Amino acid sequence: MGVEPRLQRRTWKAALARTAVLVVGFVCMVAFAVALARVTLVPSPASVPLTHTNLHPGDSIRAYFAQPNWRDTVKQVGGNILLGMPFGVLLPVLFPRTRGLLRVVLMTAFVMLTVETAQGLLVTGRAFDIDDVILNSLGSFAGYLLLGRRLGRALYPRRHHWWQRRAAPAEPTDAETAPERPVGNAGAAEPAGKVRAAGDTGDTGAAGAAGEAQKAGRPRLPAILKAVRKPIR
């Protein structure tokens, strides 16, 4: 059995540290939400001629790497990746049910799809770009592997996956755990012995009765001899 993480121990120090981490995480999430709104939802009228909707994954990424100025490439690609990293760090801390690499990436993709849709429909000088969603999700992937996974495991017990629950052995029932009672002829031996004893007693009585009958039917020899020896007058 592994050692329990310090932040999960049932002590007041661990509870205080856990609360501090959650408060700091909440403040960081609020600050990140404000920064995200300023970066993505603020109108930019000067960028209207330069923006266009991109629904084909990879087109904008190839355009970023094809431009001669590598600083613009780093700014576009690196900026979108950095914009997604806080999701990978903060989601496992504030929302335990979103722990897991796939869940974090899917949640980030959902939020950024919503933001990109709002950009394309409501914000002047902004357009929907599917590659921004891909780069943001890649950033959340990196953030979760670098820090979010460790923080989630430090704060909360490990989550049991569905395949682990299926592989777990079933608990034995009461019928299976009950000790087996020995089945033998011990219970029947006593009545059989009693019957046998009764039979033996009956046989003995029958033998005695037969002996008495034989004795009763046997002639008395002394009386016959006396009759023979008596002279005839």
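Solvent exposure of the stretch 28-106, expressed per residue, is 64 Å² of accessible area, with all protein chains present and a 1.4 angstrom probe.
Across the options 74, 15, 27, the greatest Cα extent toward the positive end of the charge dipole of the stretch 1-91 (unit charges at beta carbon of Lys, Arg, Asp, Glu) belongs to 15. Around residue 61, what is the net charge, scoring Lys/Arg as +1 and Asp/Glu as -1 over all other residues with Cβ under 12 Å from its Cβ? Taking every other residue near residue 61 into account, the sum is -3.
I'd like to compare 25-34, 4-13, 90-99, 133-142: which one has the highest average count of other Cβ atoms within 10 Å, and what's the full order after that? Kindly include the intermediate steps, with their values, before the conclusion.
On the way: 25-34: 13.5, 4-13: 11.5, 90-99: 19.6, 133-142: 22.4.
Result, highest mean first: 133-142, 90-99, 25-34, 4-13.
Only protein atoms count toward the accessible area here, which uses a 1.4 Å probe; on the stretch 1-60, the carbon and sulfur part of that area reaches 70 percent. In a simple Cβ point-charge model (Lys, Arg +1; Asp, Glu -1; nothing else charged), the stretch 57-130 has a dipole of about 260 debye relative to its Cα centre. In terms of modelled amide H atoms, which long-range or inter-chain residues lie less than 5 Å from the amide H of residue 129? Counting only residues 5 or more places away or on other chains, the set is 54. Packing around the peptides 70-79, 121-130, taken as the average count of other Cβ atoms within 10 Å per residue, puts them in this order, highest first: 121-130, 70-79.
The values are calculated or read from the model by the stated rules, or taken from the named source; none is laboratory data. None of the values given here were measured: they were computed from a predicted structure. Counting neighbours? That spans all protein chains shown, and the Cβs are built from the backbone with ideal geometry, glycine included. Ligands, DNA and RNA are excluded from the accessible area calculation, which covers all protein heavy atoms including side chains. Shrake-Rupley method; radii C 1.70, N 1.55, O 1.52, S 1.80 Å.
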